Every structure is written in structure tokens, then in C-alpha cells.
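Novice: If you scroll down you'll find the structure; I have some questions about it.
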Ligand SMILES: Cc1cc2nc3c(=O)[nH]c(=O)nc-3n(C[C@H](O)[C@H](O)[C@H](O)COP(=O)(O)OP(=O)(O)OC[C@H]3O[C@@H](n4cnc5c(N)ncnc54)[C@H](O)[C@@H]3O)c2cc1C
């Protein structure tokens, strides 16, 4: 056992963090592409870096500190991993190098109205033509290619030539989400089979990457909170000297640490363990609830100021909420976890 | 002991509900949305309520009330809060600004300020908090210099809800004697918001643009006859006023309504038999009932002529955390689509739950933070020593 990051990973994390400190709000995507981050999970033979999920998670964690929104997870995980796992050689040759450089932006359309979450059965069907609406599709607004989950398997829709209507959602401040409506839209099969195994793996990867992003946001919220607890004086002393306030800060520290190591372990497990979903689902079950508590504390310590949009805290809060509501809620993951623990098996 | 409302009270609730069902329009979403119709609507509704004797019904007849029981007043609060307070800012007038003037105001002040409140014609705001005086309200520094027949006020207030409504008057807390110990030397002024030197700047929030404001006061002249109560002894009024305020809001009632919305939603979605959904909603409901019964305890004390202090704080500890729990669990039950806001066509329950979650992020801060409530319970209620 060794929970230290390697020298390369530490360097990657530092680079990403320096990048975030430099960038603020401007469109950071070209620089992220130059740094090779969309390529991290893509195999080397397709122009990728062939790195691991932990590397990507470290980058996502840094981005969450901004927070810097980007199509990194949509392109580098949702689209790239779907195509890398399920696509034919031709499809991989066609799309992966372009996704690796970030010149092409991709995403995955899973949810439909009436589906409880990403693990629910999709209803959309169709072989080379698709009709119907997918909702909450991240970065569909800028996507060049969308992988669509249907009951009959994965489909690939090339946006340039397709008849597709994109309606951006009014959602949380974070990754742009959109409803994507197909109307007899031309689509091709992504590989063969029903794609269910691919989708399950991709969702697990995306859950970990988005968790890392939310953890970065939480860490930054903790820094803001601690700073505020030191600077803000009431009753003639720093509010951080009241135990009620100090303990909230300490609980944030303890919760974020737990989330971080559960997330790192999940990232590691997806590439090394025989039953990786258990680690992912453990981390997600824990982090959904823990980050909720973390942000309750952050807002409480900030006082009314933290509720204004003039203060940055609200942006991190919204990132964490978006994470909690995506890739499975607590009930879903606790249920998966209970199964992984062996519940329900008869003696 | 009797946990039921009387027949008379139940009849009144039915009448009030019918009235509100016909009067409150479908678009009404409370005061904090960006909708030009909101303010005129609240004014119109308040004058209609006044016409029926339902606005200041618990006030004594000599001040324009009908001396109704505090329980009827509580029914009004519940029905209003469940519908996102269609009285807008005017609930503050009847809950504590009016009662403060009744108790501490001169006969002239009572004659001047109470009738317009009773008719539902006037908007007041509460100018207490300052940038450096939040929980430690008594450290406020907005200065009112005594110039004989008037005061000259300089300073800044913050988080002033409804100032941009625009409010007509402000219950303003000022320091009249900077040399005195901090709880002494504070006074309350009744300030006409159109007085030269007052600038209102809205502060944008997570819940939208009309939640609260900064109010700048620059050489604002306030006549002496607008001093409420004794000069330098305003803190006693603040303590009395905040206690009225704490029992004056039926926050649990909106939580109860949101729980009902969630029940409808999960039933429509075919999830009413899902054991986890049932568990989550039943838990919220039990917490809602706990908050409600504790509010009723505080009201019962008022009915008996006592002043609930610790009990008001206990009720508030429940109310505000209930609101946050309902928001969080509500979004969880909606799943990924819980991310969608009002206005998005795919937003479940028209984005209501999302808005409720957002709005209640600071509910454990407004009107005295959770920690301050707990300190009241620990120190005054349980006799524990103060933090060193
Ligand atoms: C929605 C909303 C509406 C409002 N409307 C009005 C209004 O109309 N008029 C008005 O005057 N004000 C209004 N306020 C202001 C409100 O009264 C203050 O936000 C509140 O008193 C807390 O002050 P603060 O925000 O400065 O936080 P602070 O006092 O700075 O508190 C920050 C944190 O420190 C904690 N803390 C402080 N002192 C202690 C202590 N002794 N022990 C333990 N913990 C402590 C607090 O609990 C909190 O968690 C409103 C606030 C909100 C959120």
C-alpha cells in the first residue's frame, strides 16, 4: 500500500493548479488542449496519452478550484471512453485523435424525460435514425459528436450534418447542459451489442472525474471559509475562535479528506481492481452526503455574504450540487453498494 | 391540553383559503423573483385583506385591529407562508413593527404610523445589520447626532430586505451615544425612505436580484418626533422586536406545502411505493410536524400572555433546518433534473424545489443565526456559561 502520488502525478497536479490560478474565467479550453488533458484517457495508438484516471482526476480537482468549466469530462471521458471501449477500429481512428487534441468536442447523451437517473433503462430506440429527446446532456451546445445511449445500443451522431435541435437548459451555474431533440436524425451504430457494459464503465469513470472536480470546489470553499473565519470579527474576536465555527471548519476538513481518498481509491480501482464499481459506488455514496454537509458549513460560516453573487462561494456550491445530482444519487449508489457488500444473497 | 383548532378557527381557515385561492394568481412566486407584478400585487392583496379585517386582525381595536386570537393570526401566517407570503413585506408591519410602535411609541406616533399599516398601505423595512454588525448587532456604528429638534444620520446598513421594493419607511437602528457601553447608546428611528441622503443598492443573490440591499445614509435628517422609545435605550426594543419576529413567521408551513408537492410528484412518477422515497419523505414529514408543534408551543405561550424567548429560539432551530432539509432531499428525489431551474421546460415541478433549495441556503442565518439561537438556548435556557 502506498497512498503517495508519484512525482509525475504531483507535477501534473501542480501544473494544473498553476493553470487554474492563472486563468480565472476566460475560455481556457485551448490551453487545456495544449497541455494534453483531453488526451489523458485516450490510448496512445489513437493519439492519446494513455495515462490513468487518477491523472485525469488530479486535473479535474484543480479545475474545480477555479471553478473552471470546460468540456474536459464530456470530451475526454464521456465521448472518448465510449468510443475507445465500444467503437470499431474505423470509428476509433476517425474520432479519437481529434478528441485527443480537443479540436473536436464530444459528449454522451444518456438521460431522457422520465428516467430517474443515468442507470435507469433508456427508452429511445432506432438503428440508423433517431427520434426523441435526451435531456441534461453536458456540453451538447458545443459538441461535434454525440454518443447516444439507446435500448438497441450506442449510436453516434455527427452534429455537423445532422438534424438536431439543441435547447440549452436553465440549470446550475457550471457545465452547460442541454436538451437534444432528434427528429429522424441520421445516426450510426457505435460498435455492436447493446452497449450496456460500456455505458456502465463510462458512467463510473465520469462519476469519479466529476467527484474530483467537486472535491476541488469543496477544497477551495474550505480555504475561503477558513480565511473568512480568521478575518471576520464579531463580539470583538475572530469568529473562528468560537468553537461552533471552528468545528464547522474542522468537519469540512475531515469530510473533504475522506472524499478525496475515496475518490483516489475509486480512480485506482477502475484500472486495477477486479470489482472496481464497489470502490466507485462507495465513494459516490459517501461524497454525495458529505459534500452537502461541507457546503452547509461553508455558507453558515460565511454569513449572509456567502449568499450573494458578489462573493465567489456560490459558484462552488452549485458545482457540488450538480455533482450530487449527476451520475446517481445517494439512494442509487447505496443500493449498488449494498449489493456489492453481499446483501440480498440468501445463505 | 387541546391540540385541535376550534370550529370557529377551522371555519376561518376555510374562508381564508377560499379567498387566497381566488386572489393569489398562478404566477405568484414570492417577493424575490424578478417580476414587476409582484409588488403591486402584494399591495392590492393587503388592502383587500385589510378590508376584510384580516390584515391586522390580532391588533387591538383602538389601533385598527379586531382583537382576534393569536391562533387566528397563526392561521393567517400559515396560509400566507404556505403560499410564499402574498402579503410581501407587510407581514413585518403586523408582526413586530406595529406592535413595537404600540408598546413604545408616543400617542402621536401611534396615530401617525399605525392606521396606514392597518389599511395595508405602507411598506416598511428593517435597517438593523451593518457590514461589521451581524450577529454582534449591538456593535453597530451608524451614527445619529442629536441636534435638538432633529438627528443627523450617517452610516451604512446591509442585508436590508425590501428596501428596493421600494420601502416607504425604515425601522432604523442607530448609535446616539458612542461613549456609552455598546448595548447602551443605541436608539431606534422611524425613517422616511424618501429623505434626501438615502441611497439603496440592491445586492444580487443566488436566489435572484431582490433579496436584499445595502442602504447608505449620508447626512440624513430625521426629525426628533421620529425617535421611537427612549433615546439611548433602543436595545430593549430590539430584544422585544426580535422575539416577536421569531414567532412571526410560519416557515414550517411552506416546508409542509413543498412536502405535499413532492408527494404528488413521486406519486405521478410512479415512485410512491419505492421504500427509499417513502422513507425520505416520511422523515421530512416528521420533522415538519416537530417544527409545527414547537411553533404552536410558542404561540400557546403568547395566548397565555407569556413571552416565548427560549421557546421561540427552539422553534426557529427546527424551522430553519427543516427548510434546508426539505430543499436538499427534495432535489435528491427529483434526481438529475433537480438541477433545472424555474423557466426550463423540463424542470420538474416548474423548478419549485430548486428555488426552495436555493432560497433556503441562508435560512439558518437570517433573523439571528443558528449558532446565536443555540447560544440563547444554551445560556439563557440551560444556564450554561458563556464561551470564554
Ligand atoms: C435572507 C436574509 C435576509 C435578511 N434581511 C435582513 C433585514 O431585512 N434587515 C437586517 O437588518 N438584516 C437582515 N439580514 C441580516 C441577518 O440578520 C444577518 O445575516 C445575521 O444576523 C448574521 O450576520 P452576518 O451575516 O453578518 O454573519 P456573522 O455575524 O458574520 O456570522 C458568521 C458566522 O459566525 C457565527 N457566529 C457569530 N457569532 C458567533 C458566536 N458568538 N458564537 C458562535 N458562532 C457565532 C454565525 O453563527 C455565522 O455562522 C438578512 C439576512 C439574510 C440571510
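The values are calculated or read from the model by the stated rules, or taken from the named source; none is laboratory data. Model, not experiment: these values are computed from the prediction. Cβ coordinates were reconstructed from backbone atoms using ideal geometry, including for glycine residues, and neighbour counts include every protein chain displayed.
Novice: Run residue B:207 past the list (1) within 22 Å of residue B:104 (Cβ to Cβ); (2) within 11 Å of the ligand (Cβ to nearest atom) and report the number of the one that doesn't hold.
Specialist: Single failed check for residue B:207: (1).
Novice: Given the residues B:98, B:120, B:134, which is the only one that is at positive phi and surrounded by 22 or more Cβ atoms within 10 Å (Cβ to Cβ)? Steps first, please.
Specialist: Numbers: B:98 fails: at positive phi; B:134 fails: at positive phi.
Testing whether each residue is at positive phi and surrounded by 22 or more Cβ atoms within 10 Å (Cβ to Cβ) leaves just B:120.
Novice: Residues that are surrounded by fewer than 18 Cβ atoms within 10 Å (Cβ to Cβ) and within 16 Å of the ligand (Cβ to nearest atom): does region A:265-272 have at least one?
Specialist: no
Novice: Looking at A:250, A:187 in this structure, which one is away from the ligand (no atom under 13 Å from the Cβ) and surrounded by 15 or more Cβ atoms within 10 Å (Cβ to Cβ)?
Specialist: After applying the criteria, what remains is A:187.
Novice: Out of A:244, A:229, A:218, which single residue is modelled with pLDDT of 95 or more and either assigned to a strand (DSSP E or B) or buried (at least 21 other Cβ atoms within 10 Å of the Cβ) (or both)?
Specialist: A:218
Novice: Sort out which residues of region B:330-349 are more than 7 Å from every other protein chain (Cβ to nearest Cβ) and either modelled with pLDDT under 95 or in a loop (DSSP other than H, G, I, E, B) (or both), and write them in order of number.
Specialist: B:342, B:345, B:347
Novice: Follow-up question, since we're still on this one. Scan B:258, B:222 and give me the residue that is buried (at least 19 other Cβ atoms within 10 Å of the Cβ), in contact (Cβ under 8 Å) with a residue 60 or more places away in the chain, away from chain A (no Cβ under 14 Å) and part of a strand (DSSP E or B).
Specialist: B:222
Novice: Can you spot a residue in region A:277-284 that is surrounded by fewer than 20 Cβ atoms within 10 Å (Cβ to Cβ) and more than 9 Å from chain B (Cβ to nearest Cβ)?
Specialist: Yes: one or more hits.
To keep it simple, each residue is scored yes or no on (1) within 16 Å of the ligand (Cβ to nearest atom); (2) more than 14 Å from chain A (Cβ to nearest Cβ); (3) under 25 Å from residue B:373 (Cα atoms).
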position: B:89; (1), (2), (3): yes, yes, yes
position: B:102; (1), (2), (3): no, yes, no
position: B:108; (1), (2), (3): no, yes, no
position: B:116; (1), (2), (3): no, yes, no
position: B:130; (1), (2), (3): yes, no, yes
position: B:138; (1), (2), (3): yes, no, yes
position: B:150; (1), (2), (3): no, yes, no
position: B:160; (1), (2), (3): yes, no, yes
position: B:172; (1), (2), (3): yes, yes, yes
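Novice: Just checking, does region A:99-112 include any residue being in contact with a strand residue (DSSP E or B) (Cβ under 9 Å, 6 or more places away or on another chain), free of Cβ contacts under 8 Å to residues at least 40 places away in the same chain and within 14 Å of chain B (Cβ to nearest Cβ)?
Specialist: yes
Novice: Okay, next question. Applying the selection to region A:273-304, what residues are in contact (Cβ under 8 Å) with a residue 24 or more places away in the chain, within 16 Å of the ligand (Cβ to nearest atom) and either outside any helix (DSSP H, G or I) or over 21 Å from the mean Cα position of the chain (by Cα) (or both)?
Specialist: Selection gives A:297, A:298, A:300, A:301, A:302, A:303.
Novice: Restricting attention to region A:78-89, does a residue exist that is under 30 Å from residue A:314 (Cβ atoms) and touching a strand residue (DSSP E or B) at 6+ places or on another chain (Cβ under 8 Å)? Give the steps one after another, and end with the answer.
Specialist: Here is the first cut: in region A:78-89, the ones under 30 Å from residue A:314 (Cβ atoms) are A:78-79.
Filter again for touching a strand residue (DSSP E or B) at 6+ places or on another chain (Cβ under 8 Å), leaving A:78-79.
Yes, there is a match, as at least one residue in region A:78-89 is under 30 Å from residue A:314 (Cβ atoms) and touching a strand residue (DSSP E or B) at 6+ places or on another chain (Cβ under 8 Å).
Here's the yes/no breakdown for (1) in contact (Cβ under 8 Å) with a residue 40 or more places away in the chain; (2) within 9 Å of the ligand (Cβ to nearest atom):
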| residue | (1), (2) |
| --- | --- |
| B:350 | no, no |
| B:355 | yes, no |
| B:361 | yes, yes |
| B:364 | yes, yes |
| B:367 | yes, yes |
| B:380 | yes, no |
| B:384 | no, no |
| B:388 | no, no |
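Novice: Could you check how many residues of region B:49-95 are touching a residue at least 60 places away in the same chain (Cβ under 8 Å) and either under 21 Å from residue B:11 (Cβ atoms) or not in a helix (DSSP H, G or I) (or both)?
Specialist: Looking only at that region, the number is 20.
Novice: Quick check: is even one residue across region B:118-125 assigned to a strand (DSSP E or B), within 16 Å of the ligand (Cβ to nearest atom) and within 21 Å of residue A:300 (Cα to Cα)?
Specialist: Checking region B:118-125: not a single residue is assigned to a strand (DSSP E or B), within 16 Å of the ligand (Cβ to nearest atom) and within 21 Å of residue A:300 (Cα to Cα).
Novice: Return the residue satisfying two criteria in turn: it lies in region A:150-177 and is away from chain B (no Cβ under 14 Å) and part of a strand (DSSP E or B), and of such residues it is surrounded by the fewest Cβ atoms within 10 Å (Cβ to Cβ).
Specialist: The extreme case among them is A:158.
Novice: Is it the case, given these coordinates, that residue B:112 is more than 16 Å from the ligand (Cβ to nearest atom), at pLDDT 95 or above, over 16 Å from the mean Cα position of the chain (by Cα) and under 19 Å from residue B:96 (Cβ atoms)?
Specialist: It is true that residue B:112 is more than 16 Å from the ligand (Cβ to nearest atom), at pLDDT 95 or above, over 16 Å from the mean Cα position of the chain (by Cα) and under 19 Å from residue B:96 (Cβ atoms).
Novice: So if I check each of B:196, B:202, B:181, which one is free of Cβ contacts under 8 Å to residues at least 40 places away in the same chain, away from the ligand (no atom under 12 Å from the Cβ), part of a strand (DSSP E or B) and more than 10 Å from chain A (Cβ to nearest Cβ)?
Specialist: After ruling out the rest, the residue left standing is B:202.
Novice: What number of residues within region B:364-378 are part of a loop (DSSP other than H, G, I, E, B) and more than 10 Å from chain A (Cβ to nearest Cβ)?
Specialist: Here the count works out to 2.
Novice: Another question, if that's okay. Looking at (1) farther than 30 Å from residue A:129 by Cβ; (2) within 14 Å of chain B (Cβ to nearest Cβ), which is the only condition residue A:180 fails?
Specialist: (1)
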